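Chemist: Please find one structure pasted underneath; my questions will follow.
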Amino acid sequence: MKKFYIYPTYTPERDKSGNTYIRDFSDAFHKTHNVFNNKGKLGIISVFFNLKAECFILHWVDLIITKQKGFFQVLIFFFAITTLKLLRKKIVWVIHNKKPHRVKSKLALYCMWVAARSADIIICHANEGKDFVKVKYGGKASNKVRYVPHPVYSTELYEPLPEKWDIVIWGTIARYKNIAQFLEFVKESPKFSAMKILICGFCPDKEYEKEIQAELTPNISYLNRFLTDEELKHELRSTKAILFTYKLDSVLSSGAMVYSLNFNKKIIGPKGGAFEDLQPIVTCYESFNDLEQVEFNDKVSDKCIGKYLAKNTWGEIPSKIIKHIES
């Protein structure tokens, strides 16, 4: 199998999120295979301009409704799936989340249902994906789920800098990340009230930003903006630990967690999804109260991290997915 179509098409002039996942995914396939992307800027409609492809790999179908003329694009998506099935094309759905993080839409959830039922293979970056798909979409769909670890963004292990933070929480600030609730916990905890904590990342939700600002205490620094890559690296190299406070009702995998591996720091996250898969690299908790028992001065095994970095590069992703398609 040599001819692929990947949705969505990466367009740097539109994608200002800083998330390079779809760019790196596409680049990996471009290096060894023929990837069709005619009229990619048209969104899901571009499927019909790339029917020479043998395999169609779809990401984030739940977000089609959020695109320009989203309702129309959803209708096109349903028609496109029907067309691909009639033409006997291979369909691969990469499921990233249990549901959209910021969108409450029955159509978004229905797009996921259609993808689960129609795909030949479902790729998930968390082992939990199989159980989730079984409960949500049925046993037939769950039999199509294949676990492929999230690729790493670099194989380099960065040298630490002198510590100025006990904890860094980073990434786009959104409600599903549970940050305001964590700050309420910090206020009540003598241990965490004494820690130096940095929260960095842009918050597009003005109401949620007000909630966070209301919970800030003197030991917490909050940078409400996108950090440059160099700024982020500097802060992550200067901390004892990197904390993820996500709710697990929507999260399966986390690119931010994978990005954090290269800093050889203690990583702490909720017990579920890819966080649980990466134990013991990641220390997992079930409630914020469990964090009271976490030893922040523990050393991380760089051999364990190095092994994951070496085995899960972007260069390996095409062969891993094609192996599942052909089997």
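Chemist: So for the stretch 41-53 (the condition being without any contact (Cβ under 8 Å) to a residue 40 or more places away in the chain, of a type in the set (Lys, Arg) and in a loop (DSSP other than H, G, I, E, B)), does at least one residue qualify?
Modeler: no
Chemist: Also, quick follow-up: Against the definition (more than 17 Å from the chain's Cα centre (by Cα), aromatic (Phe, Trp, Tyr) and not in a loop (DSSP other than H, G, I, E, B)), how does Tyr222 come out, yes or no?
Modeler: Answer is yes for this residue.
Chemist: Follow-up question, since we're still on this one. Which condition breaks for Trp93 when tested against (1) of a type in the set (Phe, Trp, Tyr); (2) closer than 27 Å to Pro149 by Cα; (3) open to solvent by 70 Å² or more (accessible area, probe 1.4 Å)?
Modeler: (3)
Chemist: Go through the stretch 122-131 and count every residue that is crowded, with 20+ Cβ neighbours inside 10 Å and not in a loop (DSSP other than H, G, I, E, B).
Modeler: Residues meeting the conditions: 5.
Chemist: Could you tell me which of the residues Glu231, Glu209, Glu235, Glu184 is among the acidic types (Asp, Glu), over 25 Å from Lys98 (Cα atoms) and open to solvent by less than 60 Å² (accessible area, probe 1.4 Å)?
Modeler: Unique residue meeting the criteria: Glu235.
Chemist: If you don't mind, another one. Taking the residues in the stretch 187-204 that are in contact with a helix residue (DSSP H, G or I) (Cβ under 7 Å, 6 or more places away or on another chain) and in a loop (DSSP other than H, G, I, E, B) as candidates, determine which candidate is surrounded by the most Cβ atoms within 10 Å (Cβ to Cβ).
Modeler: Filtering the stretch 187-204 for residues that are in contact with a helix residue (DSSP H, G or I) (Cβ under 7 Å, 6 or more places away or on another chain) and in a loop (DSSP other than H, G, I, E, B), the one surrounded by the most Cβ atoms within 10 Å (Cβ to Cβ) comes out as Cys203.
Chemist: Condition (residue is open to solvent by 40 Å² or more (accessible area, probe 1.4 Å), under 21 Å from Asp277 (Cα atoms), out of contact with any helix residue (DSSP H, G or I) (no Cβ under 7 Å at 6 or more places or on another chain) and assigned to a loop (DSSP other than H, G, I, E, B)) applied to the stretch 244-253: is it met by at least one residue?
Modeler: yes
Chemist: In addition: Could you list, in sequence order, all residues of the stretch 215-255 that are of a type in the set (D, E, K, R) and more than 21 Å from Asn178 (Cβ to Cβ)?
Modeler: Within the stretch 215-255, Asp229, Glu230, Glu231, Lys233, Arg237 qualify.
Chemist: List the number of the failed condition for Pro162; all other conditions in (1) more than 30 Å from Pro218 (Cβ to Cβ); (2) open to solvent by 10 Å² or more (accessible area, probe 1.4 Å) hold.
Modeler: Among (1) more than 30 Å from Pro218 (Cβ to Cβ); (2) open to solvent by 10 Å² or more (accessible area, probe 1.4 Å), Pro162 violates only (1).
Chemist: Within the stretch 273-327, how many residues are more than 30 Å from Phe182 (Cα to Cα), open to solvent by less than 80 Å² (accessible area, probe 1.4 Å) and in a loop (DSSP other than H, G, I, E, B)?
Modeler: 2
Chemist: Across the stretch 137-186, what is the number of residues that are assigned to a loop (DSSP other than H, G, I, E, B), within 18 Å of Ser250 (Cα to Cα) and in contact with a Phe, Trp or Tyr (Cβ under 7 Å, 6 or more places away or on another chain)?
Modeler: The qualifying residues number 3.
Chemist: Looking at the structure I just gave you, is Phe25 part of a helix (DSSP H, G or I) and either open to solvent by less than 80 Å² (accessible area, probe 1.4 Å) or hydrophobic (A, V, I, L, M, F, W, C) (or both)?
Modeler: Yes.
Chemist: Can you name every residue in the stretch 69-96 that is at pLDDT below 95 and within 30 Å of Val258 (Cβ to Cβ)?
Modeler: Gly70 - this is the single residue of the stretch 69-96 that is at pLDDT below 95 and within 30 Å of Val258 (Cβ to Cβ).
Chemist: I need every pair where a residue in the stretch 66-89 that is within 19 Å of Leu51 (Cα to Cα) has its Cβ under 6 Å from the Cβ of a residue that is in a loop (DSSP other than H, G, I, E, B) and modelled with pLDDT under 95, sequence separation at least 6 or different chains.
Modeler: As it stands, the answer is Gln73/Lys67, since those pairs meet every condition given.
The values are calculated or read from the model by the stated rules, or taken from the named source; none is laboratory data. None of the values given here were measured: they were computed from a predicted structure. Virtual Cβ from ideal backbone geometry, glycine too; neighbours counted across all protein chains shown. Ligands, DNA and RNA are stripped out before the accessible areas are found, and what is left, the full protein with its side chains, is counted by its heavy atoms. Shrake-Rupley method; radii C 1.70, N 1.55, O 1.52, S 1.80 Å.
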